[in-house]
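Shown next, in structure tokens, is the structure this report addresses.
The values are calculated or read from the model by the stated rules, or taken from the named source; none is laboratory data. This is a predicted model, so every value here is computed, not measured. Methodologically, a virtual Cβ is constructed for each residue, glycine included, from the backbone with ideal geometry; neighbour enumeration extends over all protein chains shown. Calculation scope for accessible area: heavy atoms of the full protein, side chains included, ligands and nucleic acids excluded. Shrake-Rupley method; radii C 1.70, N 1.55, O 1.52, S 1.80 Å.
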Amino acid sequence: MEKTCYFEATQRLCASLQLEKSLEHYFHYMKQKLPIDGIFMNLFQPEQRQIQFIAHANNESAQALEQCVPLTEEMCQVLSQPDRPVIRIINHIETDGVTFHVAPRVFPDIQSLILMRMICDDTHLGVVGYYSKTPNSFRAIHADLIESHMHPLALITAFNLQGRNLLAQNQQLAEQNDTLKRSLEVKNGVIGADAGLKRVMEQVQAIAHLDTSVLILGETGVGKEVIANAVHEHSTRAGKPFIKVNCGAIPDSLLDSELFGYEKGAFTGAEQRKQGYFEQADGGTIFLDEIGELPLSAQVRLLRVLQNSTITRVGGYESIELNIRVIAATHRDLQHMVQDGEFRQDLWYRLAIFPIQIPPLRQRTSDIPLLAQFAVEKMTAKFNLPNLPRIHSDQLSLLSRYPWPGNVREMMNVIERAVIQHPEGPLDFSFLMPSEPEVVTCDNQQVIIDPSRAGDKLVPLELMMQKYISHALKVCGGKVYGSGGAAEMLAVNPNTLRSKMKKLGIQA
Ligand SMILES: Nc1ncnc2c1ncn2[C@@H]1O[C@H](COP(=O)(O)OP(=O)(O)OP(=O)(O)O)[C@@H](O)[C@H]1O
């Protein structure tokens, strides 16, 4: 009889991964053997000084519970005694101090019960309670019948606990992961912040919280905008506007209206009042990229704005006071431009209070693997690829040897191209290796076009331009306009480049 009961009970306890479901099956079997109205399970949590009810089954339902009942210090001591009996019959609940304090808080109708401790690996987990709403319901024979069920009950509870702990740890790790990801984002996607750009990031940290103007210097594509963004994000202006102005991309005739805005009727076509970039940046930061391209006439007006912190819209009279931090950037040698009279010295002094020089990528090759990984992840997301394409170590060292004249932007383009070519990986960058020197025929002679290999025989400038523009297009993956395009890399106006391409018969 006991053996059959043990077998049947164990089968039911093992029927589900959900404790309350197992308990429900078990209850419906055990109610035929015992005078019970329900069964509950709870955990003893001495560190929290409480008992937590985790599952309950009766004739109506089965529920997973999370109800906790606090214990006094003395109660904890009583329950921690190792020699407490495994099974106890309590036929009048009010006679047992601890049980009377705990069980009726969750199940008010309990009058009598059998409590069986669940012990697994010498650890007291908690108890199973077989209860009745009638007093004096239980006899020793009932206790004898269930005593052998302690092990399967303890085992399924221990597994369930392990699962709960794993879930909780998992959730904690996921939260930590999110926090770490966010803190990486706060570093604003500056890859190399702890390596090749460490010195730069130290300067960013030092200047960010001040309102001083910052001048960011470095070759094209080196990450000047990324650093400008980092200054803004680390400043008290983070969350306020960050307005980027590419000074080289605005035609001279539109500069004033773009920068300072205009009043309705200021000129033909000015049908509405429009805010300029400066007004849009009020409270935040204006990033004047390619400041070296600003014509001298505009430089005077910019200096006035910087000195007075006010602007006047085109066609307007009112002075508008602004609160703006200025970050300027250029790939040109501004000091040299000052000497040549192309850049106003007073503006240079004003902007160059705190210059940050970003080293070219070839001088910080330690950043290349991380940047490559970053670019691969970016492209994988962009093209919705199921897996990250791999880069073998020989290809990675090829990337580290390449001189990257277009810096990080060129690298992003190169990786995009490699991902398009082999989306499933591994990525191949052999196209970066110097190809056979290109030879063109000029005056019936063969001439090598690579200037570093050219001899004394020079080719017509147009031919050299044709080859050079074609090369630039190749580097930019055929892109003419926009960020990372050939016009940007060659620092020319896209329309100028288009017309040159047309003239020289170059297809994008
Ligand atoms: N340290 C970096 N971490 C992550 N991405 C970078 C980093 N540096 C540059 N990039 C990426 O390289 C590209 C070019 O960067 P960015 O536009 O900041 O260069 P730039 O120096 O301002 O270029 P330009 O001189 O043409 O204005 C962008 O896609 C940018 O996200």
Quiz item: Which of the residues that make up the range 107-148 are more than 26 Å from Thr95 (Cα to Cα) and open to solvent by less than 30 Å² (accessible area, probe 1.4 Å)?
Solution: Cys120
Quiz item: Just one of Ile324, Ile320, Ile358, Ile311 is closer than 22 Å to Asn246 by Cα and at pLDDT below 90; which is it?
Solution: Ile311
Quiz item: Where residues in the range 86-106 are free of Cβ contacts under 8 Å to residues at least 24 places away in the same chain and open to solvent by 20 Å² or more (accessible area, probe 1.4 Å), which of them is nearest to Ala64 (Cα to Cα)?
Solution: Pro104
Exercise. Working carefully through the options Gly239, Gly223, find the one that is within 12 Å of the ligand (Cβ to nearest atom) and at positive phi.
Key: Gly223
Quiz item: Of everything in the range 188-217 that's open to solvent by 10 Å² or more (accessible area, probe 1.4 Å) and under 20 Å from Glu488 (Cβ atoms), which residue is farthest from the ligand (Cβ to nearest atom)?
Solution: Leu217
Self-check item: Matching residues in the range 117-153 - criterion: being assigned to a helix (DSSP H, G or I) and over 19 Å from His56 (Cβ atoms)
Solution: Ala140, Ile141, His142, Ala143, Asp144, Leu145, Glu147, His151
Quiz prompt | Members of the range 399-413 found to be open to solvent by 10 Å² or more (accessible area, probe 1.4 Å) and either at pLDDT 95 or above or part of a helix (DSSP H, G or I) (or both), listed by number | solution = Ser400, Arg401, Val408, Arg409, Met412, Asn413
Self-check item: Members of the range 2-36 that are over 21 Å from Ser137 (Cα atoms) and not in a helix (DSSP H, G or I)
Solution: Cys14, Ala15, Ser16, Leu17, Gln18
Quiz item: So which residues in the range 38-59 are more than 40 Å from the chain's Cα centre (by Cα) and buried (at least 22 other Cβ atoms within 10 Å of the Cβ), if there are any at all?
Solution: Gly38, Ile39, Phe40, Met41, Asn42, His56, Ala57
Exercise. Report, by residue number, each residue of the range 467-493 that is free of Cβ contacts under 8 Å to residues at least 60 places away in the same chain and within 16 Å of the ligand (Cβ to nearest atom).
Key: Ala472, Val480, Tyr481, Gly482, Gly485, Ala486, Ala487, Leu490, Val492
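Rundown of residues vs (1) crowded, with 19+ Cβ neighbours inside 10 Å; (2) in the same structural domain as Val204 (by TED's automatic domain parsing); (3) within 16 Å of the ligand (Cβ to nearest atom), yes/no style:
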site: Val231; (1), (2), (3): yes, yes, yes
site: Ser235; (1), (2), (3): yes, yes, no
site: Leu254; (1), (2), (3): no, yes, no
site: Lys274; (1), (2), (3): no, yes, no
site: Ile291; (1), (2), (3): yes, yes, yes
